[in-house]
Amino acid sequence: MANLPRQDDNLQSSSKGNHQGLTTKQGKPRSTSSESIKAVAIYEVVKGVGALLVATALWSWHTDLERWLATATASWQKIFGHFMAPQVDSAVDIAQQASKNWLLFLLLIFAYASLRFIEAYGLWQDKTWAYWFGVLGYGIYIPIEVYYLVTTPFDWFKLAILLSNITIMLVVYHNMKRKGLI
């Protein structure tokens, strides 16, 4: 065991988890997450904000939702025709169910938005748990999306959702591999 360096011979101390080269000029830890992971984090924030907008609409219009949905659907069809008609019909069905149980749906929407914001924070801050949460969270939907794509009439929207989830899962997986997490 001769000639082995002592623990403090050639190692610089790392106080509070800071590593050499990973601090800013102000001495704060710098995130090591890649730009692609930050893009996924921003996407998660957008999904969370979108969910909160839906919750706000449900809260504001839950007493008169049927009339609002009829107006919105007629306006959509006037502007876009039958573009994304199955998705619009599905959204109307979900909104009608939500109007019957609006408090439960509000809680579910807020829980969903909270998960999106927590994941976004974790990815932005380069937290290991967020990588696992992201890859598992997106990966779990892929078999379901493939099933619906195969068993129902072809839909470009479903294909786009499937491809975006695969892309995001691969980005997170690649970054996990790069960081040595898998």
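The values are calculated or read from the model by the stated rules, or taken from the named source; none is laboratory data. From a predicted model like this one, the values you see are computed outputs, not experimental measurements. Heads up, the Cβs are rebuilt from the backbone with ideal geometry, glycines too, and the neighbour counts pull from every protein chain shown. Heads up: the accessible areas ignore ligands, DNA and RNA and are worked out on the full protein's heavy atoms, side chains in. Shrake-Rupley method; radii C 1.70, N 1.55, O 1.52, S 1.80 Å.
SER114 meets the conditions (1) within 15 Å of ALA51 (Cβ to Cβ); (2) open to solvent by 100 Å² or more (accessible area, probe 1.4 Å) in every case but one. The failed one is (2).
List, please: which pairs have Cβ atoms under 6 Å, are six or more places apart or on different chains, and start with a residue in region 38-56 that is within 14 Å of ALA130 (Cβ to Cβ) and end with one that is of a type in the set (Asp, Glu) and surrounded by 19 or more Cβ atoms within 10 Å (Cβ to Cβ)? Pairs found: GLU44/GLU119.
Of all residues in region 64-96, those satisfying the criterion of being of a type in the set (Val, Ile, Thr) and open to solvent by less than 60 Å² (accessible area, probe 1.4 Å) are THR73, VAL88, VAL92.
Examine region 123-139 for a residue that is outside any helix (DSSP H, G or I) and of a type in the set (Lys, Arg), and state whether such a residue exists. Yes, the conditions are met somewhere in region 123-139.
Would you tally the residues in region 141-182 being touching a helix residue (DSSP H, G or I) at 6+ places or on another chain (Cβ under 7 Å), free of Cβ contacts under 8 Å to residues at least 12 places away in the same chain and open to solvent by less than 70 Å² (accessible area, probe 1.4 Å)?
1
Would you confirm, using the coordinates I've provided, whether PHE133 is touching a residue at least 60 places away in the same chain (Cβ under 8 Å), buried (at least 16 other Cβ atoms within 10 Å of the Cβ) and not aliphatic (A, V, I, L, M)?
Numbers: touching a residue at least 60 places away in the same chain (Cβ under 8 Å): no; buried (at least 16 other Cβ atoms within 10 Å of the Cβ): yes; not aliphatic (A, V, I, L, M): yes.
So PHE133 does not fit the description; no.
In the set (1) modelled with pLDDT under 85; (2) of a type in the set (A, V, I, L, M, F, W, C); (3) more than 30 Å from ASN175 (Cβ to Cβ); (4) open to solvent by 80 Å² or more (accessible area, probe 1.4 Å), LEU104 fails one condition alone, (1). If you filter region 30-58 down to residues that are open to solvent by less than 60 Å² (accessible area, probe 1.4 Å) and of a type in the set (Ser, Thr, Tyr), you find that the one that is modelled with the lowest pLDDT is SER31.
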